[in-house]
1. For the range 417-470, give me each residue that is of a type in the set (S, T, N, Q) and under 18 Å from residue 395 (Cβ atoms).
2. Across the range 291-302, what is the total count of residues that are touching a residue at least 24 places away in the same chain (Cβ under 8 Å), surrounded by fewer than 24 Cβ atoms within 10 Å (Cβ to Cβ) and under 27 Å from residue 130 (Cβ atoms)?
3. Does any residue in the range 125-144 that is without any contact (Cβ under 8 Å) to a residue 60 or more places away in the chain come within less than 7 Å, Cβ to Cβ, of a residue that is part of a helix (DSSP H, G or I) and open to solvent by 40 Å² or more (accessible area, probe 1.4 Å) six or more places away or on a different chain, and which pairs are these?
4. For the structure I just gave you, tell me whether residue 442 is closer than 28 Å to residue 80 by Cβ, in a loop (DSSP other than H, G, I, E, B) and open to solvent by less than 60 Å² (accessible area, probe 1.4 Å).
5. What is the residue count in the range 445-458 for residues that are crowded, with 23+ Cβ neighbours inside 10 Å, among the aliphatic types (A, V, I, L, M) and assigned to a strand (DSSP E or B)?
6. Would you check if there is a residue in the range 114-131 being of a type outside the set (Val, Ile, Thr) and surrounded by fewer than 16 Cβ atoms within 10 Å (Cβ to Cβ)?
7. Here is a check on your reading of the model: is residue 136 more than 22 Å from the chain's Cα centre (by Cα), crowded, with 20+ Cβ neighbours inside 10 Å, acidic (Asp, Glu) and assigned to a helix (DSSP H, G or I)?
8. Picking from 534, 597, which residue would you name as being under 39 Å from the mean Cα position of the chain (by Cα) and of a type outside the set (Asp, Glu)?
Amino acid sequence: MRHAAWGVLGAALLMASPIAGQSPQQSAPPSPAPASQPVFRAGVDVVRLDVRATDASGKPIPDLRPDEVEVIDDGARQPIVLFQHIAASGRTYSEAAQRTIASEISTNQGAPRGQLYVLVFDQVHITSGTEQRVREAAESFLRKRFRPEDRVAVFGLPGPGPNLPFTSSLNTAIAQLHGVRGDLQRVTTPGDRDMTVNEAYEILRGNDAVLTRFLTATNGVPDRTGVIPDVSGKSGGGDEATVRQLVKDHANQVVADADAESRRFLDMVSQMLRGFRGIDGRKTVILFSEGFHSDNISRVIDDVAAAAAESYAVVYSFDLNRRTQNLGTMPTGSDTGAEISSRLEPLGTLATETNGKLVIDALSHLDEALDALGAAEPDYYVIGFPAPSAALASREEYRHVTVRVKRPGAQVSARTGYVAGPPQTPADRRRTIDTALAAPFGQQGLRVEYTTYVGQSEHPGLQGVAVSLESELPIAPASSTASADVVFVVRDLRTGQVAASGTDQVALPHEPAPGSTTGRGGWHTRFDLAAGDYLMRCIVREPGGLVGSADRQFTVHALSGPDPATSDLVLGTPGDHLPVRTLAYSDDLLSGAVRVYGRSEAQIAGLSASLDLVSLAAAPAGDADRPVRSIGGVVGAPRASDSGVLRDVTFTVPLSDVPAGSYVAHVVVRAGGEVVSDLRRQVEVVSGARPASVDAQEATTAPAAATPTPAAPNVKDVLHGGVVRQIVEQANQSDVAAVRQAASHAAGGRWSQVAPALAAVPAANPDAGRLRALARFQSGDYVGAAADFEALFDASPNDASLAFVLGWARIGAGRQVAAASAFRSAAYLDPTLVPAHLALAETYVRLNQPALAVQALEAGLARLPQSVELKQMLADLKK
């Protein structure tokens, strides 16, 4: 009976000790792990990205493995040290809570959590009157889709307007919507001038047709007096060149004013998003806007994307442009389609960068688009990798990354980059814990699981509650004594008052768990509570700042009342004191113990107990509750206690012929034939004997050697196209003989001879630079070729052909979003370059942004209405 006696002793020791402490936790049986498996080490800044993975039919992939995911940062593959699947439970909030918060084992994995909605109204870029329709749709959306477990924030920027942080109050959020306004002015009228904002941008972009049209005709608009007489008066009726320059000066002022408005709005969005950094969970940002021109504010747009990355925000941009009404009162001759396309570009960029969507022409289907967004269930993976040294050297820099899934047929969408963010400070430690305590849901940065054991306290009228917790943690060096913070708060479920709380630390493990990138830390504590219902939150924060927290709802029954009562069931094996999850081996014995309390010896004299071991595996109808083992308990002798009498009941369960699997130990205690208690606790049975020790060799976290990035399909076909042919022909006209020789090699497909032929040509020669970059591209060195083309394009920013081949080099290097930017530049610089429009649309399709692809093709057709290629691709996309 040695094992059964241990079970009683383990329970008694902890129930009698009102102190917190650590204890080793049982590990699952060892599983092989590759020697190169990365490890999450203490003190490392971990970058987290959210990734969606779907199969060929568009359904989420529920069983993706870490080894199937690659993250490429600056051409190097990064080791994945955190991997979590965030998915809808498939149950109601109440059902999910019963399986996690109110379950025997409380966990933050699969725990119920609502949506975090952020409604942002770009008030300076919404036409007056449009905001009324948007307010109505937003209110309808909230009334239909907002659930008690959700949170919503509402902002109208710039103010005055709504300014509501996250709230659970539906009525409060709806009341804020009435403060939304629209202030967009598409025509500027300072002192009788009537130049449109879009005309100003087109004039500064060098669009001579717009400038000429502006100077020579009113286009049937009687009051189109505008700038022309004003600037003519200033010039004293000067020549045409002087008038043109004055118009350009005025356009410059219009653009400066518009840029200032856009910059102010974007700066406020960045500040708002960074304010959400301490709130765990994916934020759905719904941005309502008619867009703005991004010519001079690309850095500010990048900062918004960086702020979204820091706060795990996904931007869904809702295009509020009215295709006929909004621009109907503008001077005729303005290109409404081109203007809308230009204004939507930054909205599309924000959506792409954050793994969101651009909803084109949202006003025509606003209710349906919002409803579809609210109906979407979360299903994504959170992956974490150590921030590279370059990211830590420039923590505020937005770094682009590429995420790939190697499973055949899988499609992946992810945010395009991250920022390392500011380093952790001592003040952050308290702030992150306070934020986790106040958060509406459990935090999922670290896996946390815990359970409780209730027994009698030495203090009359109270019960002792022991907590056993296990958390995943980073690995500390062998000589380190580093630890993680543990904080808990217990509140009375009825009154909300704090009934118990405390702080402690748990030592970081020195070895990873078998087959895992992290280790496990175990922790125990004990406190006294009166009988009642309670809600508990446990928080674990590792030194690098990642936080995990889980909620638990439990009931404490009075153990010194008029009727007999029992402690919770304690299961275990030797050395396993009050485990979170009981792990038993078939060659070992499973022990259990229950303590029974009574007022008198006679009250618990006729005591009996039984333990049924029931499999949780699916069983035929009628066999689900049939136990694989039934054991009678051994009832100990009565002993006096402060409140009466107690007796211990112990169980010893042989497992030699019990199949491996998940089971429930079901104990029924009776006194005089009446049921005193009905108790259950889970146990996992593993075949074989318990290992004497678990040997785990420390894995290295050194990044894998950079390998050539696989090219997109047929990426080298660009070398046979007209753009590269023109570059080579231009080089063939060079005054330098070596350049002409290299061009001859390139024209003949002898690319390996290009670089040697140019060995003596100075690097500053532009034709030689283009040929060298093309030779690197042909060799498969896409990262190097992209760097060369970037330098060449910086030196010649108006060269559409350089922008085009730069895009393909970036495709080869796996930088899809950066490639889209290059293709956009090529199409803008040379609107007649059909391959640039096609490449841009194809890139958007690969980025899972079909709406942006359609927009790119429509913009191309606006310049090239007879293009068969553009028409065909557009038709294919719209099928």
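1. Start the filter on the range 417-470 by keeping residues that are of a type in the set (S, T, N, Q), which leaves 424-425, 432, 435, 443-444, 451-452, 456-457, 463, 468.
Correct list: 424, 425, 432.
2. Narrowing the range 291-302 to residues touching a residue at least 24 places away in the same chain (Cβ under 8 Å): 291-297, 300-302.
Those still in the list that are surrounded by fewer than 24 Cβ atoms within 10 Å (Cβ to Cβ) too: 293-297, 300-302.
Still in the running and under 27 Å from residue 130 (Cβ atoms): 293-297, 300-301.
Within the range 291-302, residues that are touching a residue at least 24 places away in the same chain (Cβ under 8 Å), surrounded by fewer than 24 Cβ atoms within 10 Å (Cβ to Cβ) and under 27 Å from residue 130 (Cβ atoms) number 7.
3. 142/170
4. Values: closer than 28 Å to residue 80 by Cβ: yes; in a loop (DSSP other than H, G, I, E, B): yes; open to solvent by less than 60 Å² (accessible area, probe 1.4 Å): yes.
In short, yes.
5. Of the residues in that region, 1 qualify.
6. Filtering the range 114-131 for residues of a type outside the set (Val, Ile, Thr) gives 114-117, 119, 121-123, 125, 128-129, 131.
Pick out the ones that are also surrounded by fewer than 16 Cβ atoms within 10 Å (Cβ to Cβ) and you get 128-129.
The answer is yes, given that some residue of the range 114-131 is of a type outside the set (Val, Ile, Thr) and surrounded by fewer than 16 Cβ atoms within 10 Å (Cβ to Cβ).
7. Values: more than 22 Å from the chain's Cα centre (by Cα): yes; crowded, with 20+ Cβ neighbours inside 10 Å: no; acidic (Asp, Glu): yes; assigned to a helix (DSSP H, G or I): yes.
No: the conditions fail for residue 136.
8. 534
The values are calculated or read from the model by the stated rules, or taken from the named source; none is laboratory data. Here the structure is a predicted model, which means the values were calculated and not measured. We place every Cβ from the backbone using ideal geometry, glycine too, and count neighbours over all the protein chains shown. Surface areas here come from the heavy atoms of the whole protein model, side chains and all, with no ligands, DNA or RNA. Shrake-Rupley method; radii C 1.70, N 1.55, O 1.52, S 1.80 Å.
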